[in-house]
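Chemist: Quick one: this structure, given as structure tokens, is what I'll be asking you about.
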């Protein structure tokens, strides 16, 4: 029997599933809490709930995670430095460490300006290397000629051994801004990906699991772990991709839309005739448009662990926190603290200053060890935080400052992962309503009573309102996914007229995630659709990680070298080649497309005889008998069953 182990680490849970890879049957599964900052404990706990005899027979391990997605959604990426070559610094970039230097190429890969200011680059790197976790380099038309990007990368590596990623390594598509964003996000996510993968490897070694280790990418394909480490941005949606593939497998549907309700986010995607729909424009997450080939999906910061907070009315998210019920299971003293909590003045309330929010420190590093990456005001708070949850009022008493004076500092510490926030969540609301019972519901009830009192509502009424808001947002996201040509605000207005409208969805809707059964009745009332919740829906991502395929896409572009010239240039991931005429260029491009796919599959031990290969040729315009441009897109698909 060829057994596979799927592991998915989300913001709240780490799931594990064992599958008979010969027939796709799920044998068993287990869930455990994701543990911060040490992920090993959560992964180990999820695996230890499985049959030890089955673990000894594991030959294939595949993983997925929403950690990268959540990191970007919550704006908690590790700081990274960005060097732009030949173009100005955009106003909107997710980094405070950006410089632009002279250089760059044109659309044919010809140098339009020499590479300048290398001394500026050296000084920039030396100044910020202790403040960032990685570097990104993006040059103007670097995708057509990566020479300048590679020179700057080499220069950075002479100064530091930190990871450096270039824009041309991640995408062959044009778009200087999007490629810069993609490179920057990739750099910010390298530490997140590295920590996750090292944790998985450590547990495998401890448990004596000797097996091929792979990871799911955004497009639903699987890659070796070494490749995933180099390009973590390509796995930014690995969790949602796994849930889509897993939902289709568990229901036996080849066409469906999946709604995955996790702790931090809700992800909606579609699979059609067994193939995940791929976005034409690249993955977009947290408002950032990238050039990553990904499943077409809508992701929103709505989950079971989204913070519910008040200020004249109720707000939901986008911050992810530890639910009160879960925190009380580990810290029973929260019950008494909640009973005695002070309610801040409404005028100063925000996501941090709330009557039901508490803060705990992550890890045990001393303030001295953290002094290199923390500011003085951050260290002052860290010194007073331990494993006991404290409210903002308790912190205020200890440091002698009004909450307004350190609320921003607390936010920074949460973003840097040194502090975790505890608060009321939709999971707590379900505990109050008795619809999802897993932890200490007493804390949930007290929290609902405290927040509801401020809005003149009882605990049950307040919790029902929170649940209704979750259903409303789920409905909005689901309808917006199909009505993607409409603005979300317009869809929201239509949903508000539910007495007169009910949206009909032709394809089955599959719900996955731990709490989804609690929302089934209300969703059925909100939309007209066949809604399914499959067996093992709680671990759909772990299942999906196992049933993905090895997929490799290639793109080759053929263009005239210059107007009136018979020669043609061929651009590919290998660089630029020039040929005397279009026929020679096309012949080279066709053979190259097949060779690139063949070499990639061969690196996985997959023979092309066992690989589905498809090549599409798209021509644009014409110059006499030859096209103005030809784009060759190759696609190879191999199965993990052949890796045994």
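The values are calculated or read from the model by the stated rules, or taken from the named source; none is laboratory data. Worth saying up front: this structure is predicted, and the values here are computed from it rather than measured. As a convention, Cβ positions derive from the backbone with ideal geometry for all residues, glycine included, and neighbour counts pool all protein chains shown.
Chemist: For the range 377-396, how many residues are in a loop (DSSP other than H, G, I, E, B) and closer than 14 Å to residue 362 by Cα?
Modeler: Number satisfying all stated conditions: 7.
Chemist: Could you say which residue among 301, 269, 228 is farther than 27 Å from residue 470 by Cα and either touching a helix residue (DSSP H, G or I) at 6+ places or on another chain (Cβ under 7 Å) or at pLDDT 80 or above (or both)?
Modeler: On inspection, the qualifying residue turns out to be 228.
Chemist: Filter the range 485-505 down to residues that are touching a residue at least 12 places away in the same chain (Cβ under 8 Å) and in a loop (DSSP other than H, G, I, E, B), then give me how many there are.
Modeler: 3
Chemist: Just to confirm my filter: which helices (runs of 4 or more DSSP H) fall fully inside the range 30-144 and include at least 1 residues that are more than 27 Å from residue 17 (Cα to Cα) and at pLDDT 90 or above?
Modeler: Here the list reads 118-128.
Chemist: Quick check on the range 145-167: of everything there that is at pLDDT below 90 and out of contact with any helix residue (DSSP H, G or I) (no Cβ under 8 Å at 6 or more places or on another chain), which residue is farthest from residue 111 (Cα to Cα)?
Modeler: 161
Chemist: Which ones in the range 411-446 are in contact with a strand residue (DSSP E or B) (Cβ under 6 Å, 6 or more places away or on another chain), more than 18 Å from residue 301 (Cα to Cα) and not in a strand (DSSP E or B)?
Modeler: 413, the sole residue that qualifies.
Chemist: Quick one: is residue 558 more than 26 Å from the chain's Cα centre (by Cα), surrounded by 22 or more Cβ atoms within 10 Å (Cβ to Cβ) and under 30 Å from residue 109 (Cβ atoms)?
Modeler: Criteria met by residue 558.
Chemist: Look at residue 557 and say whether it is touching a residue at least 12 places away in the same chain (Cβ under 8 Å), touching a helix residue (DSSP H, G or I) at 6+ places or on another chain (Cβ under 6 Å) and not in a helix (DSSP H, G or I).
Modeler: Taking the combined requirement at face value, the residue does not satisfy it.
Chemist: Any idea how many residues of the range 145-160 are under 19 Å from residue 561 (Cβ atoms) and in a loop (DSSP other than H, G, I, E, B)?
Modeler: Total satisfying the criteria: 2.
Chemist: Can you tell me which condition residue 173 does not meet? The list is (1) surrounded by fewer than 17 Cβ atoms within 10 Å (Cβ to Cβ); (2) at pLDDT 85 or above, and all the others hold.
Modeler: (2)
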